[in-house]
Amino acid sequence: MSLTIYHNPRCSKSRKTLEILQESAVDHTIVEYLKSPPSAARIMTLAGLLGLSVAEIVRQGESVFREATDLPNLDDDAALAAWVAANPSVLQRPIVVDDDKGRAVVGRPPESVADLIRS
């Protein structure tokens, strides 16, 4: 099993989720999504794996979101995913993905990653 964590090292929940992955000794890849933002297509995939719309994986309280003048319609997943790819700080964090099994979780709380590790 290999997992991917979309990680923000400045976020305490993201750091704790990464710590859980490291302690479990499961193979994992760390994607610091602020340095290497996922593509719009990947954001759409992440939302699908989570069973959520793109709007539901956006941190709408972030100032980048609240102050945006170019924000697309929140019901338009494709347009919103493209906007999030250009503004990755609004992406929910951390997101942990098991692409092999087609599953993902948001690490809030961090312990929610245990479902992926056990399966």
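Summary table below
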item: Pair list, Cβ under 9 Å, 6 or more apart: segment 51-68 residue hydroxyl-bearing (Ser, Thr, Tyr), other residue outside any loop (DSSP other than H, G, I, E, B); result: 53/47; 53/77; 53/80; 63/89
item: Identity of the residue in segment 90-111, in contact (Cβ under 8 Å) with a residue 60 or more places away in the chain and in a helix (DSSP H, G or I), that ends up least open to solvent (accessible area, probe 1.4 Å); result: 110
item: Segment 69-78 - residue that is touching a helix residue (DSSP H, G or I) at 6+ places or on another chain (Cβ under 9 Å) and more than 24 Å from residue 5 (Cβ to Cβ) and, of those, most open to solvent (accessible area, probe 1.4 Å); result: 75
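The values are calculated or read from the model by the stated rules, or taken from the named source; none is laboratory data. Note that this is a predicted model, so its numbers are computed, not measured. When we count neighbours, we look across all protein chains shown, and the Cβ atoms used for this are built from the backbone with ideal geometry, even at glycine. Side chains included, ligands, DNA and RNA excluded: accessible areas come from the protein's heavy atoms. Shrake-Rupley method; radii C 1.70, N 1.55, O 1.52, S 1.80 Å.
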